[in-house]
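The values are calculated or read from the model by the stated rules, or taken from the named source; none is laboratory data. Just so you know, these numbers come straight off a predicted model, no measurement behind them. Methodologically, a virtual Cβ is constructed for each residue, glycine included, from the backbone with ideal geometry; neighbour enumeration extends over all protein chains shown.
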Amino acid sequence: MQKAKHTVESEYAVVGTWEDTNITLTVLEHYIPRYFANAKVAYYLGKEGLSKINRNNVTRTVSEETRQILRKNLTNEIEFYEFCKQRLYLQYAALGNGKRFGEDDYLLVPEQHGGNQIDDGY
């Protein structure tokens, strides 16, 4: 586990999650601007098309018993994920120079593009 964490710290500028898309894209834009300039704009302009790809319209509820079994069996994976997520949040907080970002501070996307509304409540 320590080797995996060390590798993330030393080899990767940013490790993000799709769970926190806006934060991930904001950090990528600031830490790696050469490749990710305007990443949020590009993402949201193409989001409508992306939302229809690989969509699963049948969502089954996962029982608490199943969740407990998964937590028990995936302890290392969960710890590593939480480590990466915490690192992402620290990088995001560092962008504010100590100030706390609001909900819309990192969402710099136009409200409309070509007459189509962009859903910014992601």
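Does K72 meet the test of being closer than 30 Å to V41 by Cα and modelled with pLDDT of 50 or more? So K72 does not fit the description; no.
Among the conditions (1) at positive phi; (2) exposed (fewer than 10 other Cβ atoms within 10 Å of the Cβ), V58 misses just one, which is (1).
If you go through the stretch 77-86 one residue at a time, do you hit one that is exposed (fewer than 12 other Cβ atoms within 10 Å of the Cβ), part of a helix (DSSP H, G or I) and either on the phi > 0 side of the Ramachandran plot or not acidic (D, E) (or both)? There is at least one residue in the stretch 77-86 that is exposed (fewer than 12 other Cβ atoms within 10 Å of the Cβ), part of a helix (DSSP H, G or I) and either on the phi > 0 side of the Ramachandran plot or not acidic (D, E) (or both).
Sort out which residues of the stretch 3-48 are aromatic (F, W, Y) and assigned to a helix (DSSP H, G or I), and write them in order of number.
Step one: of the stretch 3-48, the residues aromatic (F, W, Y) are 12, 18, 31, 35-36, 43-44.
The answer is Y31, Y35, F36, Y43, Y44.
Considering only residues of the stretch 61-76 that are in a helix (DSSP H, G or I) and hydrophobic (A, V, I, L, M, F, W, C), which is nearest to the chain's Cα centre (by Cα)? Selected residue: L70. Is it true that R55 is in a helix (DSSP H, G or I) and farther than 15 Å from Y92 by Cα? Here the answer is no, as R55 does not meet what is asked.
Counting just the residues of the stretch 4-45 that are aromatic (F, W, Y) and free of Cβ contacts under 8 Å to residues at least 24 places away in the same chain, which one comes out surrounded by the fewest Cβ atoms within 10 Å (Cβ to Cβ)? Even if it seems obvious, please write down each step before you answer.
First, pick out the residues of the stretch 4-45 that are aromatic (F, W, Y): 12, 18, 31, 35-36, 43-44.
Restricting the remaining residues to those that are free of Cβ contacts under 8 Å to residues at least 24 places away in the same chain gives 12, 18, 35-36, 43.
Numbers: Y12: 11, W18: 6, Y35: 9, F36: 18, Y43: 16.
In this case the residue turns out to be W18.
Listed by first and then second residue, the pairs with beta-carbon distance under 9 Å, at least 6 apart or on different chains, first residue in the stretch 50-67 and farther than 21 Å from T21 by Cα, second at pLDDT 70 or above and not in a loop (DSSP other than H, G, I, E, B), are V62/L70.
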